Amino acid sequence: MMRQVFYSIRRRLHPVYQRDLEFYSQDDNELVCCIRGWGKWYGDSELEDESVSELIDMMHHVKKDNQEFDIDFDISEKERIYFIVQKREQ
């Protein structure tokens with residue numbers, strides 16, 4: 001079920017970046033996927049404001065489509081963005 005979020009994120013990425021989204025880890029309660037080089041960056045660890053706005057907008061739509069999960073992201077070094085998907089507590 002959590003993989004549906006992965007595919008939801010991938011669908012919302014520009015086609016150039018869709019192949020770059022990769023699974024990082026997964027267990028019964030959490031899925032983490034990562035994309036490198038998406039958006040515009042200051043150096044290798046700070047996403048530019050315009051790209052942050054795009055990312056927040058994209059995540060709004062992904063969350064709306066997958067309300068049974070808690071979905072967050074982490075902007076990291078080496079131009080990486082991690083998406084963290086967890087089953088929502090009932």
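Computed from the coordinates by the stated procedures, all read-outs in this text should not be read as laboratory data. Since this is a predicted model, take the numbers as computed values, not measurements. Here the Cβ positions follow ideal geometry from the backbone for every residue, glycine too, while neighbour counts run over all protein chains shown.
Give me a count of the residues in region 19-53 that are of a type outside the set (A, V, I, L, M, F, W, C), assigned to a helix (DSSP H, G or I) and surrounded by 14 or more Cβ atoms within 10 Å (Cβ to Cβ). Outline the logic, then answer.
Quick first cut of region 19-53, residues of a type outside the set (A, V, I, L, M, F, W, C) only: 19-20, 22, 24-30, 36-37, 39-40, 42-46, 48-51, 53.
Pick out the ones that are also assigned to a helix (DSSP H, G or I) and you get 49-51, 53.
Checking the rest, the ones that are also surrounded by 14 or more Cβ atoms within 10 Å (Cβ to Cβ) come to 51.
Of the residues in that region, 1 qualify.
If you check every pair at least six apart or on different chains, which have Cβ atoms under 7 Å apart with a residue in region 26-51 that is farther than 18 Å from residue 72 by Cα first and a residue that is in a strand (DSSP E or B) second?
Partner pairs satisfying both residue conditions: 41/47; 48/41; 48/42.
From the residues in region 61-71 that are free of Cβ contacts under 8 Å to residues at least 24 places away in the same chain and either over 11 Å from the mean Cα position of the chain (by Cα) or over 18 Å from residue 82 (Cβ atoms) (or both), which one is surrounded by the most Cβ atoms within 10 Å (Cβ to Cβ)? Give the derivation first.
The initial filter retains those residues of region 61-71 that are free of Cβ contacts under 8 Å to residues at least 24 places away in the same chain, namely 63-64, 67, 70.
Going one step further and asking which of them are either over 11 Å from the mean Cα position of the chain (by Cα) or over 18 Å from residue 82 (Cβ atoms) (or both), we end up with 64, 67, 70.
Numbers: 64: 9, 67: 9, 70: 14.
Within region 61-71, the match that is surrounded by the most Cβ atoms within 10 Å (Cβ to Cβ) is 70.
In contact with a helix residue (DSSP H, G or I) (Cβ under 6 Å, 6 or more places away or on another chain) and not basic (Lys, Arg): which single residue out of 32, 52, 5, 62 fits that description? Break it down into steps so the answer makes sense when it comes.
Details: 32 fails: in contact with a helix residue (DSSP H, G or I) (Cβ under 6 Å, 6 or more places away or on another chain); 52 fails: in contact with a helix residue (DSSP H, G or I) (Cβ under 6 Å, 6 or more places away or on another chain); 5 fails: in contact with a helix residue (DSSP H, G or I) (Cβ under 6 Å, 6 or more places away or on another chain).
On inspection, the qualifying residue turns out to be 62.
Scan region 65-90 for residues that are in a strand (DSSP E or B) and of a type in the set (Asp, Glu) and jot them down.
Keep residues of region 65-90 that are in a strand (DSSP E or B), which gives 69-76, 80-87.
Once the filter is applied, which keeps residues that are in a strand (DSSP E or B) and of a type in the set (Asp, Glu), region 65-90 yields 70, 72, 74.
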